[in-house]
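Down below is the structure, laid out as structure tokens.
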Amino acid sequence: MNLKELKNWNIEAEKEIAKKWENSNIFNFNPKTRKKVYSIDTPPPYVNAPVHIGQAITYCYMDFFARYKRMRGYEVLFPLGLDRNGLPIEIAAEKKYNISAFKMSRAEFLDYCKKLLNETSYETKDTFSRLGISFSSYKEGGSLGSVYLTDSEEYRTLTQKTFIELYKKGLVYEDMRITNWDPKLQTTIADSEIEYKNLSSTFNYVKWKVKETNQEIIIATTRPELICTCGRVIFNPKDKRYKSLNGKTAISPLFNKEVPIKAHPLASLEKGTGLAMMCSMGDLSDIQFFRDEKIKPLIAIDICGEMNKNAGFLAGLKVREARKKIIEELKDKGLLEKQENITHRTPISERSGAEIEFIEMPEFYLKQLHFKDLIKKLSKKIKFYPQTARKILDDWIDSISIDWPISRRRFYSTEIPLWYAYDKDKKNKFIAVPPSGHYYKPWNEKVPLNSEVFKDHKKVGQIKDPEFKNLQWTGELRVFDTWMDSSISELFIIKYLEKEDFFKKSYPVSLRPQGKEIIRTWLYYTLLRGFLETGKMPFKEVWINQHILDGKNRKMSKSLGNVIDPQYLLSNYGAEAIRFWSAIEGDLSKQDLSCSEERIKAEQKTLNKILNISKFVMLFEKPKKIDFKITPLDKLFIDYIEELTNFSQREYEKYNFYGPAIKLRNFLWDLFASHYIEIVKNRAYNQEENFSEEECKSAKYTLHFLLERLLILLYPIIPQITSFILLEKGIKVLDSKWPVSKNVKSNSTLLSEIISFNSKIWKEKKEKGLSLKSQISDIEIPKKLKDFEKDLKIAHSLV
RNA sequence: GGUCCCGUAGUCUAGUGGUUUACGACGUCUCGUUUACACCGAGAAGAUCGCAGGUUCGAUUCCUGCCGGGACCACCA
């Protein structure tokens with residue numbers, strides 16, 4: 001393939017280049033480098049679904065950054081991670097093989113998950129390769145910059161390693177607490193995994209009694225089945241109606257339990273009757289209330305979502321059935337005054353869609369409350385692009401009110417590496433903590449003999465000690481929240497605890513690029529974990545991207561059927577069109593991008609324009625030496641692109657590729673092609689020898705100079721076409737440095753003067769029905785343009 | 001409910017720390033082969049710059065309110 005034969009920039013040409021890059025090692029990371037390291041902690045996409053157009057575009061942006069930084073002289077660490085952990089895989093396996101994790105052995109279920117993962121195609125990698133993403137490598141392996149899998153032994157070992165150390169430092173503890181329980185997946189989930197939906201429900205006005213006065217009070221509730229767990233009846237301190245009730249005792253209907261009545265600002269004057277029953281598991285605010293008021297919660301729902309013995313006559317029923325039953329019962333006994341239909345914001349598990357229940361379970365917690373102020377303070381050192389994204393993080397940190405529950409009762413995730421045993425009379429519980437450095441599966445492995453034994457967070461000996469050796473050790477069954485793995489991605493890619501020298505040199509990582517919707521999870525948790533490991537913040541800069549929307553500005557979703565497949569765009573319009581479009585359409589860190597096929601298609605034209613200009617310029621030989629004077633016209637355009645170089649550099653440094661892309665595009669179409677080339681054509685050909693040899697050389701030199709510079713400035717955005725053309729010109733842009741530009745200011749008045757002069761002539765010729773070549777008389781060249789008189793006269797055949 | 005962002009031609013966007021014809025792209029229409037390019041060139045139509053009010057000599061730009069869209073957070077017993 002060469003430039004002359006290429007009529008249009010096309011997909012076949014791209015494929016050839018992309019394939020070459022994928023299989024080469026030109027972007028490999030050199031650990032022995034003397035250059036400064038620039039590292040990108042990329043967000044690993046899930047492998048069980050094809051790459052979404054949003055991911056595809058954000059990776060294009062990361063590639064802009066990586067290629068630019070290479071030109072700026074950095075050794076760039078730009079690894080591809082593939083996420084294979086956690087619930088999405090389990091859910092996909094259950095669906096695909098029509099199985100349930102709870103109806104087979106654990107080993108069997110994990111085999112199904114692995115089977116699914118093995119069958120997962122490598123479409124992900126292929127999409128990235130076709131887009132021309134310059135990952136350090138496309139091969140899996142252990143070296144710096146290789147493709148990594150989040151379920152690999154190495155990765156899981158690091159997760160366990162960090163956990164073991166945190167455990168020994170006393171930063172992890174197990175506690176019996178009310179947690180967010182997903183009854184469908186049968187696991188605890190974190191606050192950040194809850195979403196809210198407005199569901200319709202019924203507000204039931206229930207009759208209670210006051211013990212002291214025997215008067216009747218009405219309390220409205222959406223969860224009558226929880227009356228048995230009510231720990232407090234509250235009313236607003238400003239509510240005059242109930243002032244007399246303060247300190248008295250309410251008697252619950254059907255259960256006849258005594259519940260204190262107190263004023264509390266959480267109660268609203270307008271809602272229901274103004275009296276509220278606080279139950280130990282109604283919703284998150286109830287949990288908060290019980291924590292704050294130090295009331296011992298009473299649990300009435302078990303882990304399967306069934307009522308337990310605390311619920312008296314409701315025991316054994318599912319929550320919904322219990323609700324129905326108690327309403328009937330209340331009606332029968334005349335204890336239900338009325339019912340109202342309302343919509344209720346209901347907490348839903350993000351993963352399964354099940355309604356969250358609040359259940360007391362023993363779970364592991366990682367301490368975070370102690371550190372949140374410090375993390376907030378330290379995070380000020382991180383530069384945010386855009387700056388406004390920092391607020392999302394700050395708001396989230398402010399709202400954290402409990403430690404991070406890190407254990408999950410699921411399967412395809414990193415195992416919690418602990419074993420337990422009791423002494424003979426079952427009085428003492430011992431915990432075995434293995435030495436860090438291996439990947440442990442406690443559910444399937446015997447306790448390692450070199451483990452340390454802890455009791456109440458204190459080390460009491462070793463497994464080999466005679467008192468512990470013969471105890472019955474059982475392995476932990478729970479796994480980690482997958483954010484425990486994800487939150488050390490930056491540590492993993494720079495070989496934390498593995499290549500200490502390199503790690504020290506490379507921490508903090510240069511850039512974390514990610515979506516704004518996972519600021520409170522991935523970003524926050526990474527800051528926490530990085531801080532706990534190193535005492536420092538893990539990133540220098542964070543780049544937050546917005547969303548890719550469909551052409552009608554709607555969020556893409558499967559249910560709307562408006563999802564755009566990057567493979568479809570690739571095979572129809574090609575990578576370079578997509579990349580250029582995504583740069584010129586807007587700044588993804590500042591606004592959502594609306595994905596329009598029409599406009600992507602339109603950028604194919606720009607690519608062809610570049611191709612054709614290059615073909616034209618390369619008709620002329622580039623002067624080897626500058627042994628001629630550059631004409632004023634040529635200087636004018638050279639100054640312009642020098643200024644553009646400065647501008648692009650300044651903006652690229654701020655991760656703004658939009659501003660430069662637009663300006664470079666305009667230069668290409670509206671200055672270079674339409675005006676410079678049109679004027680200078682004659683001088684470059686110089687067939688009639690109207691110009692001196694020196695003037696002709698100046699034109700040829702300038703044509704090449706402008707083209708080369710334009711291509712180099714565009715290279716980070718559209719690397720395939722630019723590197724291809726530059727190579728034909730003998731320039732290896734992949735190894736090239738960013739151009740050092742002269743700090744000049746171009747004369748924009750003069751430039752626009754030229755543009756309007758040209759337009760004037762073209763218009764006049766058209767009006768007179770003349771062809772553009774034909775001569776025209778009585779045109780006066782403006783004084784300002786006197787320097788360019790000869791060029792203009794000959795270009796327009798002025799006589 | 002709190003905090004914040006946005007509203008410019010059919011579509012997408014720039015912009016103005018105040019005032020002449022409001023930048024550009026896609027699309028539409030007209031005309032045209034011009035020694036790189038018809039995936040081209042020249043040109044045209046298309047916007048009361050969300051609505052209302054205020055400040056001002058003057059507002060798309062500043063202020064207030066409203067309407068519409070979006071994001072995040074909190075909360076609804």
> In the structure displayed, which of A:383/A:458; A:601/A:663; A:697/A:773; A:376/A:446; A:601/A:765; A:383/A:742 lie more than 31 Å apart, Cα to Cα?
Replying inline: A:383/A:458; A:376/A:446; A:601/A:765
>> Using only the alpha-carbon atoms, what does chain A span along each of its principal axes? Please give whole angstrom values in decreasing order.
In response: 112, 68, 48
>> Based on the alpha carbons, how large is the Rg to Rh ratio for the stretch A:576-669 when Rh follows Kirkwood?
In response: 1.06
> Given the convex hull over the Cα atoms of the stretch A:309-382, what projected area results after averaging over all orientations, in nm²?
Replying inline: 9.8 nm²
> If you take the alpha carbon radius of gyration of the stretch A:637-683 and divide it by 2.2 N^0.38 Å, what ratio comes out, to two decimals?
Replying inline: 1.29
> With every protein chain kept in the model, how would you rank A:599, A:156 by accessible area, 1.4 Å probe, largest at the top?
Replying inline: A:599, A:156
> How large is log10 I(q)/I(0) at q = 0.19, 0.20 Å⁻¹ when the Debye formula is applied to the Cα atoms of the stretch A:2-82, each weighted equally and without solvent?
Replying inline: -1.03, -1.09
>> Give the aspartates and glutamates whose C-alpha is closer than 17 Å to that of residue A:766, dropping any in the same chain fewer than 8 places away, or say none.
In response: A:678, A:778
> Given 0.36 nm per residue, what is the gain on full extension from residue A:321 to residue A:781 after removing their alpha carbon distance, in nm?
Replying inline: 156.5 nm
> Out of every Cα-Cα pair in the stretch A:502-647, what percent are more than 19 Å apart?
Replying inline: 72 percent
> Excluding ligands, DNA and RNA, what is the solvent-accessible area per residue of chain A at a probe of 1.4 Å, expressed in Å²?
Replying inline: 45 Å²
> Which listed residue (A:300, A:335, A:267) has the Cα farthest towards the positive end of the charge dipole for the stretch A:206-347, taking +1 on Lys and Arg C-beta and -1 on Asp and Glu C-beta about the Cα centre?
Replying inline: A:267
> Which distance in nm do the two modelled labels at residue A:445 and residue A:681 give, with both placed 7 Å along the Cα-to-Cβ direction?
Replying inline: 7.4 nm
> Given the Cα-Cα distance of residue A:111 and residue A:174 and 0.36 nm per residue of separation, how much length would full extension add, in nm?
Replying inline: 19.7 nm
> How do A:166-173, A:637-644 rank on mean C-beta neighbours within 10 Å, highest first?
Replying inline: A:637-644, A:166-173
> Can you give me the pair-distance distribution of the stretch A:325-446, C-alpha pairs, 10 Å bins, whole percents?
Replying inline: 8, 19, 24, 24, 15, 9, 1
>> Please identify the DSSP H helices in chain A that span no less than 24 Å along the helix axis (Cα) and have a mean Kyte-Doolittle hydropathy of -0.5 or more.
In response: A:53-71, A:693-714
>> Students often check this: by mean Cβ neighbours within 10 Å, which of A:753-766, A:516-529 ranks highest, and how do the rest follow?
In response: A:516-529, A:753-766
> Between residue A:756 and residue A:625, what is the FRET efficiency for a Förster distance of 41 Å, r being their Cβ-Cβ separation, to the nearest 0.05?
Replying inline: 0.70
>> Nearest 500 deg cm²/dmol is fine: what mean residue ellipticity at 222 nm does chain A get from its DSSP H runs of n ≥ 4 alone, each adding -39,500 (n - 2.57), divided by its residue count?
In response: -11000 deg cm²/dmol
> Within the accessible area of chain A, what % is carbon and sulfur when the probe is 1.4 Å and the other protein chains stay in place?
Replying inline: 49 percent
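The values are calculated or read from the model by the stated rules, or taken from the named source; none is laboratory data. Every value quoted in this text rests on a predicted model; they were computed, and no experiment measured them. Cβ atoms come from the backbone with ideal geometry, glycine included; neighbour counts cover every protein chain shown. SASA here: full protein model, heavy atoms, side chains in, ligands and nucleic acids out. Shrake-Rupley method; radii C 1.70, N 1.55, O 1.52, S 1.80 Å.
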